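Asks: Before I ask anything, let me first share the structure, which is written out below as structure tokens.
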Amino acid sequence: MKRSLFGRLWPNATAVVLFIGFVFPVYWMFNTALKPTGDILSEDPVWFPTDITFEHFKTATDVDHFWTYVTNSLTVTVLAVVFSLVIALAGSFALARMRFKGRRGFIIGFMLAQMAPWEVMIIAMYMIVRDASMLNSLVPLTLFYMMMILPFTILTLRGFVAAVPKELEESAMVDGCTRAQAFRRIILPLLAPGLMATSLFGFITAWNEFALVLVLNKDAEAQTLPLWLSSFQSQFGNDWGATMAASSLFAIPILVLFVYLQRKAVSGLTAGAVKG
């Protein structure tokens, strides 16, 4: 009985410890953003702020070009996710339904592309954009973000397409649907969890990217929110209150999106990982 009790307790205790380990940095970020500067710099940590202030949020949003950064980040992130989903739907359907020479090598190539660090290509990316006279533009940024998230999107959706029985598609075509109509009416609705999962992953990847926009876009009018986060550090020190306030504002869209999509995203990632 003791052994059975221990077997039930240790997984729960481990889960609680991991939960605290992951949640505490997020709590401390919001906690610091709401504390007065004196409490932030105090030697004794203030675990629960009593004098809540929103001055740090005002400092963070009063930075020049703040709304330009917001608009640019939303633009490149949403477009990269949408473009990758459109391409991945066709690619994943071909990999899951069709048998052609080199298919296995094609899939392995996508896996290798996903594992390889894209930072090794940043010099080549810069040279391509420079030679095309497209520095300080959102267009190459959107295309590069799309290419960064495309391999994962295709591989995940491939597993989901493979999980849909072919008979459903064939029955729709027997009833008079074309292949495109069968895909749109039968398969696409069943791919909703997979689309949710890949959209969330792609959004997080593009939203958080820092190095590429730093290299390609020197003009403030073409920069995104990750560079805004670094604007509170100077040679005279760090404005920790404004930094944590900016980090909180930066994290809110991802937190809201994750909470909204979490159930379907988890089921999508699980199904896409084991099917096909």
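Asks: For Q233, enumerate residues with amide H under 5 Å from its amide H, sequence gap 5+ or separate chain, H modeled in the peptide plane.
Replies: none
Asks: Do the sum for the chain: with -39,500 (n - 2.57) for every DSSP H run of n ≥ 4, divided by all residues, what is the mean residue ellipticity at 222 nm, to the nearest 500 deg cm²/dmol?
Replies: Values: 13 runs with 201 residues, N = 276.
Counting only the DSSP helices, I get -24000 deg cm²/dmol.
Asks: Shape call for the range 46-89 from the C-alpha gyration tensor, a ≥ b ≥ c root eigenvalues: rounded (a/c under 1.5), prolate (a/b greater than b/c) or oblate?
Replies: Numbers: a/c = 7.41, a/b = 2.18, b/c = 3.40.
Oblate, since a/c reaches 1.5 and b/c is not below a/b.
Asks: Please report Rg over Rh for the chain, where both radii come from the alpha carbon positions and Rh follows the Kirkwood definition.
Replies: 1.06
Asks: I've got another one for you. Do any trypsin sites (Lys or Arg not before Pro) in the range 42-132 lie in a DSSP loop with no more than 16 other beta carbon atoms within 10 Å, and if so, which?
Replies: R99, K101
Asks: Could you compute how much accessible surface I254 exposes when probed at 1.4 Å, giving the result in Å² to the nearest 10?
Replies: 30
Asks: Moving on to the next point. Label-point separation (nm) for E170 and I20, each offset 7 Å from Cα along Cα-to-Cβ?
Replies: The modelled label-to-label distance comes out at 5.6 nm.
Asks: Expressed as a whole percentage, what fraction of the accessible surface of the range 74-224 belongs to carbon and sulfur atoms when a 1.4 Å probe is rolled over the protein heavy atoms?
Replies: Answer for the range 74-224: carbon and sulfur cover 70 percent of the accessible area.
Asks: For the range 165-181 and the range 196-248, write down the distance between their C-alpha centroids in whole Å.
Replies: When both Cα centres are located, 46 Å separates them.
Asks: Write out the chymotrypsin sites (Phe, Trp or Tyr not before Pro) in the range 93-187 meeting two conditions: DSSP loop, and at most 14 other Cβ atoms within 10 Å of their Cβ.
Replies: F100
Asks: For an R0 of 51 angstrom, estimate the FRET efficiency from the Cβ-Cβ distance between M111 and D64 and round to the nearest 0.05. Each step should come with its number before you reach the end.
Replies: On the way: r = 43 Å, r/R0 = 0.84.
For M111 and D64, the calculated efficiency is 0.75.
Asks: Here is a further query. Considering only protein heavy atoms, with the full assembly of protein chains and a 1.4 angstrom probe, order Y27, Y260 by accessible area, largest first.
Replies: On the way: Y27 85, Y260 180 Å².
Of Y27, Y260, the descending order of accessible area is Y260, Y27.
Asks: Measure nothing fancy, just the Cα-based angle from helix 138-163's long axis to the longest principal axis of the chain, in degrees from 0 to 90, nearest 10.
Replies: The two axes meet at around 50 degrees.
Asks: At A94 and V120, where each label point lies 7 Å from the Cα along Cα→Cβ, what is the point-to-point distance in nanometres?
Replies: Simple spin-label model gives 2.5 nm for this pair.
Asks: Assuming a ≥ b ≥ c are the square roots of the Cα gyration tensor eigenvalues, decide whether the range 33-131 counts as rounded (a/c under 1.5), prolate (otherwise, with a/b larger than b/c) or oblate.
Replies: Judged from the Cα gyration tensor, the range 33-131 comes out prolate (a/c at least 1.5, a/b above b/c).
Asks: Report, to the nearest 10°, how far helix 192-208 tilts away from the longest principal axis of the Cα atoms in the chain, using its own Cα long axis and a range of 0 to 90°.
Replies: Orientation of helix 192-208: about 40 degrees from the principal axis.
Asks: Shifting gears a bit: How many lysine pairs does the chain hold where the Cα atoms are under 27 Å apart and the two sit 8 or more places apart or on different chains? Please list the in-between numbers first.
Replies: Details: K35/K58; K58/K218; K101/K166; K101/K275; K166/K264; K166/K275; K264/K275.
Eligible lysine pairs with Cα atoms under 27 Å apart amount to 7.
Asks: Sticking with this structure for a sec: What full-extension length gain, to one decimal in nm, is calculated for D51 and R185 as 0.36 nm per residue of separation minus the Cα-Cα distance?
Replies: 42.7 nm
Asks: Next question. Taking square-rooted eigenvalues a ≥ b ≥ c of the alpha carbon gyration tensor, is the range 74-224 rounded, prolate or oblate, where a/c under 1.5 means rounded and, failing that, a/b exceeding b/c means prolate? Mind dumping the intermediate values first?
Replies: On the way: a/c = 2.70, a/b = 2.05, b/c = 1.32.
It is prolate, given that a/c is not under 1.5 and a/b is the larger ratio.
Asks: Going by alpha carbons, how many degrees (0 to 90, nearest 10) lie between the helix axis of 122-131 and the longest principal axis of the chain?
Replies: With rounding to tens, the tilt is 80 degrees.
The values are calculated or read from the model by the stated rules, or taken from the named source; none is laboratory data. Every value quoted in this text rests on a predicted model; they were computed, and no experiment measured them. All Cβ positions, glycine included, derive from the backbone under ideal geometry; neighbour counts span all protein chains shown. SASA here: full protein model, heavy atoms, side chains in, ligands and nucleic acids out. Shrake-Rupley method; radii C 1.70, N 1.55, O 1.52, S 1.80 Å.
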